[in-house]
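Peer 1: Sending over a structure as structure tokens; questions will come in a sec.
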Amino acid sequence: MSTMSSTKTLSVEESRGALWRLQAVFFRPGSAFTDIDRKPTWAQPLLAAGLVCEAEMYVFYSPKHTPFGFLASFLLAAIPVLLSVTVSAGCFWLALCIKGGETSFKKVFAVFAHSFFMYTVITKVLTAAVFFSSSDPSRIDPRNVVASNPGFLVSSKDHLALEFLLSSFDLVVFYHLFIITLGLSIVTRRISFKSAMWLTIAIYALYVGIEVAIKAAVA
């Protein structure tokens with residue numbers, strides 16, 4: 001009986017695929033990353049994130065785009081996104097290996113792909129809500145549509161570095177970092193959630209510090 005039960009459970013777990021993970025990363029992120037640990041995939045969430053971004057651009061900014069223009073815009077936008085996710089995953093994978101963690105780059109990349117998809121959907125949905133609820137969308141700051149950080153308190157024209165620093169304390173970004181931390185702790189052996197959390201904080205702080213220094217130098 002127990003053997004049959006185990007076989008049935010394994011079969012159910014193995015049936016979970018890419019589409020299931022796309023919704024599970026919102027509602028059951030722990031289960032989604034456990035499934036990713038079993039079979040990491042990354043193409044579907046990145047493709048879905050790109051389609052969400054293009055849908056937003058089409059609806060709010062370029063409704064007169066031709067199908068060819070839509071495709072060209074999608075391909076041009078995909079290159080920097082893919083590069084950013086790849087570099088981020090590479091930095092975290094290297095840091096995890098240095099700390100003694102055991103995982104593969106493919107698993108870390110899959111975690112970043114799914115967390116990026118989740119972050120993209122959340123930000124675009126919030127952006128759409130702001131646009132639809134605003135009586136005058138032309139007055140919305142395109143750099144900070146959703147006031148989820150204190151960056152709106154200063155002008156980027158006068159205080160570029162300070163504006164970026166304040167914008168980095170973003171509620172949506174913090175949740176994104178939490179999801180990344182959760183995913184890394186699940187797909188990496190010998191790394192606890194606490195260790196993954198401190199690693200994520202350190203790398204994010206380093207990134208913010210470098211960006212602030214660059215913006216202060218060019219301002």
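The values are calculated or read from the model by the stated rules, or taken from the named source; none is laboratory data. All values reported here derive from a predicted model rather than from experimental measurement. So basically every Cβ, Gly included, is an ideal-geometry build from the backbone, and we count neighbours across all protein chains shown.
Peer 1: What about residue 86, is it within 29 Å of residue 213 (Cα to Cα) and modelled with pLDDT under 95?
Peer 2: yes
Peer 1: Just to be sure I understand, how many residues within region 155-185 are without any contact (Cβ under 8 Å) to a residue 40 or more places away in the chain, within 11 Å of residue 208 (Cα to Cα) and of a type outside the set (A, V, I, L, M, F, W, C)?
Peer 2: 1
Peer 1: Considering only region 164-174, state which residues are surrounded by 15 or more Cβ atoms within 10 Å (Cβ to Cβ) and part of a loop (DSSP other than H, G, I, E, B).
Peer 2: Listed by number, the residues that qualify are 168, 170.
Peer 1: Restricting attention to region 175-219, which residues are among the basic types (Lys, Arg), surrounded by fewer than 17 Cβ atoms within 10 Å (Cβ to Cβ) and assigned to a helix (DSSP H, G or I)?
Peer 2: Here is the first cut: in region 175-219, the ones among the basic types (Lys, Arg) are 189-190, 194, 215.
From what's left, surrounded by fewer than 17 Cβ atoms within 10 Å (Cβ to Cβ): 189-190, 194.
Scanning region 175-219 gives a single hit, 194.
Peer 1: List pairs: first residue in region 109-135 and more than 25 Å from residue 181 (Cα to Cα), second residue aromatic (Phe, Trp, Tyr) anywhere in the structure, Cβ distance under 7 angstrom, at least six positions apart or on different chains.
Peer 2: As it stands, the answer is 131/60, since those pairs meet every condition given.
Peer 1: Could you give me the residue pairs with C-beta distances under 7 Å whose first residue belongs to region 20-44 and is acidic (Asp, Glu), whose second residue is in a helix (DSSP H, G or I) wherever it lies, and which are 6+ apart or on separate chains?
Peer 2: 35/21; 37/107; 37/186; 37/187
Peer 1: Exactly one of (1) closer than 27 Å to residue 219 by Cα; (2) at pLDDT below 90; (3) surrounded by fewer than 18 Cβ atoms within 10 Å (Cβ to Cβ) is unmet by residue 151. Its number?
Peer 2: Unmet for residue 151, out of (1) closer than 27 Å to residue 219 by Cα; (2) at pLDDT below 90; (3) surrounded by fewer than 18 Cβ atoms within 10 Å (Cβ to Cβ): (3).
Peer 1: Which residue is surrounded by the most Cβ atoms within 10 Å (Cβ to Cβ), if the candidates are limited to region 90-108 and must be part of a helix (DSSP H, G or I) and touching a residue at least 24 places away in the same chain (Cβ under 8 Å)?
Peer 2: Selected residue: 108.
Peer 1: On the basis of being within 24 Å of residue 181 (Cα to Cα), under 15 Å from the mean Cα position of the chain (by Cα), at pLDDT 90 or above and surrounded by 15 or more Cβ atoms within 10 Å (Cβ to Cβ), does residue 40 make the cut?
Peer 2: No; evaluated as a whole, the condition is false for this residue.
Peer 1: Take the residues in region 114-146 that are loosely packed, with under 13 Cβ neighbours inside 10 Å and assigned to a loop (DSSP other than H, G, I, E, B), then tell me which one is modelled with the lowest pLDDT.
Peer 2: 142
Peer 1: Mind listing whichever residues of region 22-55 are basic (Lys, Arg) and either in contact with a strand residue (DSSP E or B) (Cβ under 6 Å, 6 or more places away or on another chain) or within 24 Å of residue 127 (Cα to Cα) (or both)?
Peer 2: 28
Peer 1: Given the residues 218, 187, 212, which is the only one that is of a type outside the set (Ser, Thr, Tyr) and under 14 Å from residue 96 (Cα atoms)?
Peer 2: On inspection, the qualifying residue turns out to be 187.
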